[in-house]
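J.: I'd like to ask some things about the structure below.
The values are calculated or read from the model by the stated rules, or taken from the named source; none is laboratory data. For clarity, every value in this text was computed on a predicted model and none was experimentally measured. We place every Cβ from the backbone using ideal geometry, glycine too, and count neighbours over all the protein chains shown.
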């Protein structure tokens, strides 16, 4: 079995090399391929990635301009050859070692999708309103789809690749995360949740999400539910 790790990258010059190395060093119960998609970086990230010298397990793709995280994920997903696929952002807010915790339920046939749930303790959460916003949009999702999930915006999602490709995803930006969740729930999929490590960046450190992304998230959930 193989896990395809989909890594969208945009302006992560300080972290991208460490992120790639961290994924490659992770011990997994499957084989691994890492598909890196530079989404039109302008800070020197693209030049670092082009310089290469990467492990043979790394495949590198580019967008000619910034199209958004969702578009980068879809580009990587098209090239995935593993039975399972996972998104892993290059910002190092998550620990790639936790991917090994999310795989067993899929390998054992208990589920087709496993999500990593963030604890949001004092060390890992940089902002009160960030945490409240995350819980708010998760509550909206639970009400709309009559489920009880804990963290729909987690980037640690491992999904059977065939199912992942069939979701007909259209979101271009960060709303790819709630769209994935909503599409899975619309299909009647039961999502397996497990705790994972998390350390949020501040906006000064490069955090890209804003309050308006919460509005976009709710709009995406409504769009998926009404369709």
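J.: Out of the residues in the range 24-43 that are out of contact with any strand residue (DSSP E or B) (no Cβ under 7 Å at 6 or more places or on another chain) and in a loop (DSSP other than H, G, I, E, B), state the one that is surrounded by the most Cβ atoms within 10 Å (Cβ to Cβ). Before the answer, list the steps.
T.: From the range 24-43, those out of contact with any strand residue (DSSP E or B) (no Cβ under 7 Å at 6 or more places or on another chain) are 25-27, 29, 42-43; that's our starting set.
Filter again for in a loop (DSSP other than H, G, I, E, B), leaving 26-27, 29, 42-43.
On the way: 26: 18, 27: 8, 29: 11, 42: 11, 43: 13.
Out of the qualifying residues, it is 26.
J.: So, one more: Would you point out which residue out of 21, 56 is surrounded by fewer than 21 Cβ atoms within 10 Å (Cβ to Cβ) and in a helix (DSSP H, G or I)? Before the answer, list the steps.
T.: Details: 56 fails: in a helix (DSSP H, G or I).
One residue alone meets the criteria, 21.
J.: Then there's this: Counting only residues that are touching a strand residue (DSSP E or B) at 6+ places or on another chain (Cβ under 6 Å) and under 26 Å from residue 189 (Cα atoms), which one in the range 111-132 is modelled with the lowest pLDDT?
T.: 118
J.: Same structure again: Name the residue that is nearest to residue 129 (Cα to Cα), counting only residues in the range 171-218 that are assigned to a loop (DSSP other than H, G, I, E, B) and modelled with pLDDT of 90 or more.
T.: Filtering the range 171-218 for residues that are assigned to a loop (DSSP other than H, G, I, E, B) and modelled with pLDDT of 90 or more, the one nearest to residue 129 (Cα to Cα) comes out as 175.
J.: Return yes when residue 46 is in contact with a strand residue (DSSP E or B) (Cβ under 9 Å, 6 or more places away or on another chain), part of a helix (DSSP H, G or I), crowded, with 19+ Cβ neighbours inside 10 Å and free of Cβ contacts under 8 Å to residues at least 24 places away in the same chain and no when it is not.
T.: Yes; evaluated as a whole, the condition is true for this residue.
J.: While we're here: Quick check on this structure: which one of 175, 170 is under 24 Å from residue 9 (Cα atoms), touching a helix residue (DSSP H, G or I) at 6+ places or on another chain (Cβ under 9 Å) and buried (at least 21 other Cβ atoms within 10 Å of the Cβ)?
T.: Numbers: 170 fails: buried (at least 21 other Cβ atoms within 10 Å of the Cβ).
Unique residue meeting the criteria: 175.
J.: Any chance the range 56-67 includes a residue that's out of contact with any helix residue (DSSP H, G or I) (no Cβ under 6 Å at 6 or more places or on another chain), in contact (Cβ under 8 Å) with a residue 60 or more places away in the chain and farther than 21 Å from residue 161 by Cα?
T.: yes
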